[in-house]
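Only the coordinates and a few stated rules stand behind these numbers; no lab work does. Worth saying up front: this structure is predicted, and the values here are computed from it rather than measured. Cβ atoms come from the backbone with ideal geometry, glycine included; neighbour counts cover every protein chain shown.
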Amino acid sequence: MKIGIVTLIGEYNYGNLLQSYALQTVLERMGHKVITLNRRTESVSFKLLFIRLASLINSLFKRYILRNKKILIVSPLAEDYNPHWRPNKNEMIKFVNRCIKRSKPLRSSTEMYQYHKKEQIDAYVVGSDQVWRDDYCLSIEENFFSFLREEKAKRIAYAASFGVEKNAISKEKLSICAELAKKFDAISVREKSGIDICNKELGVEATHVLDPTMLLDKEDYIQLFKATNTPKSEGDLLIYILDKEEQFTDYIEKFAKENTLQPFYFHQHKIDAINYSHKLSSIEKWLRGFYDAKFIITDSFHACVFSIIFQKPFICIGNKDRGMSRFDSLLSMFGLTDRLIDISNLNNHKISDIGWEKIYKILSIKRCEAHTFLEKSL
């Protein structure tokens with residue numbers, strides 16, 4: 001079967017690209033031919049321009065009024081701009097070109113429809129990541145396969161995420177998405193809260209499944225960094241913080257000293273706000289970090305995922321602004337809710353041991369459920 005994947009575009013971050021790679025790999029191992037739709041736009045939409053300008057104004061205020069020298073200033077017209085951060089993405093593009101099979105650039109719903117007709121794609125899978133979070137999408141309707149019109153191709157959602165606990169899709173778009181959702185052959189979501197949103201807001205049933213990155217073994221990811229001869233990490237305490245908070249610094253230094261660990265960092269707070277030539281570490285180096293680490297401190301969903309995959313103890317610092325449901329859903333599944341801590345309670349948090357044997361039994365069961373969902377849906 002020929003399958004088209006629809007996922008977020010322009011999201012050059014580790015979790016987003018690895019979930020694309022994982023879903024592609026799983027479907028290929030099931031015997032299918034897989035292509036990810038390479039969606040692009042000819043020009044910046046009003047909605048995206050508004051998001052970009054708002055982000056720029058916020059950055060300028062923090063940089064020059066609040067005198068925060070760490071704030072990165074980026075043109076609102078920058079190509080593939082991510083409102084959260086946009087470091088140099090050369091390493092990401094290398095990974096995409098090497099590991100993810102993509103279509104030619106498709107710059108509109110019409111081009112997507114024409115591509116579908118020409119390639120005669122049998123089924124589409126939307127997911128994973130926050131593909132149903134309206135403010136992350138150029139066109140959320142396309143993520144519900146509006147471009148297919150009345151075509152009879154199979155329509156499946158795998159681990160689709162709304163990103164937040166309650167529906168954030170506007171009423172106007174929600175009615176359109178609800179009609180499109182009813183045309184799906186099968187729907188699964190990444191968070192338990194997504195089941196209620198699907199039922200109450202879209203009028204459809206949904207199943208809770210694993211993020212696609214968790215369908216691969218750690219050996220699959222080890223092969224990725226071994227194939228590129230990625231050197232060993234420069235420490236054994238992996239720090240991956242998406243939101244820069246000054247109070248993290250003291251906590252990290254204290255934790256490292258008490259546990260005789262050497263911190264090594266990934267991500268934006270190491271970017272020079274003036275010199276925009278910072279080179280983002282490769283995906284392979286990021287994966288190698290989990291392999292080498294003895295402990296992980298993060299506020300990232302996918303860093304929690306890979307901590308579990310690589311069986312490394314971790315703590316996750318919660319951020320309500322970016323959505324907590326995905327953390328709650330993931331960690332409760334494995335009985336690891338004690339790993340999620342509030343920023344105000346950093347120094348009072350006690351760290352317990354993780355029973356990895358029990359965790360992997362749960363993971364094995366959930367993987368079987370996910371494969372069964374995909375097999376039946378296709």
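Some values worked out for this structure:
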item: In region 275-378, the trypsin sites (Lys or Arg not before Pro) that fall in loop regions by DSSP, at most 10 other Cβ within 10 Å; result: Lys350
item: Stretchable slack from Gln223 to Lys361, in nm (0.36 nm times residue separation minus alpha-carbon distance); result: 47.4 nm
item: Calculated FRET value between Val204 and Thr260, using beta carbons and R₀ = 45 Å, to 0.05; result: 0.30
item: Per-pair calculated FRET efficiency, R0 = 25 Å: Lys171 and Glu150 via Cβ, rounded to 0.05; result: 0.50
item: Proximal charge balance of Asp217 [Cβ under 12 Å; K/R count +1, D/E count -1]; result: +1
item: Flagged links, alpha-carbon separation over 20 Å, of Lys2/Lys118; Lys101/Lys152; Lys294/Lys361; Lys257/Lys358; Lys232/Lys312; result: Lys101/Lys152; Lys294/Lys361; Lys257/Lys358
item: Separation of the Lys33 and Lys117 label points, Cα + 7 Å toward Cβ, nm; result: 2.0
item: Qualifying GluC sites (Glu not before Pro) for region 144-204 [loop in DSSP, other Cβ within 10 Å: at most 10]; result: Glu150
item: Point-to-point label distance, Leu60-Asp185, nm (Cα→Cβ direction, 7 Å offset); result: 5.0
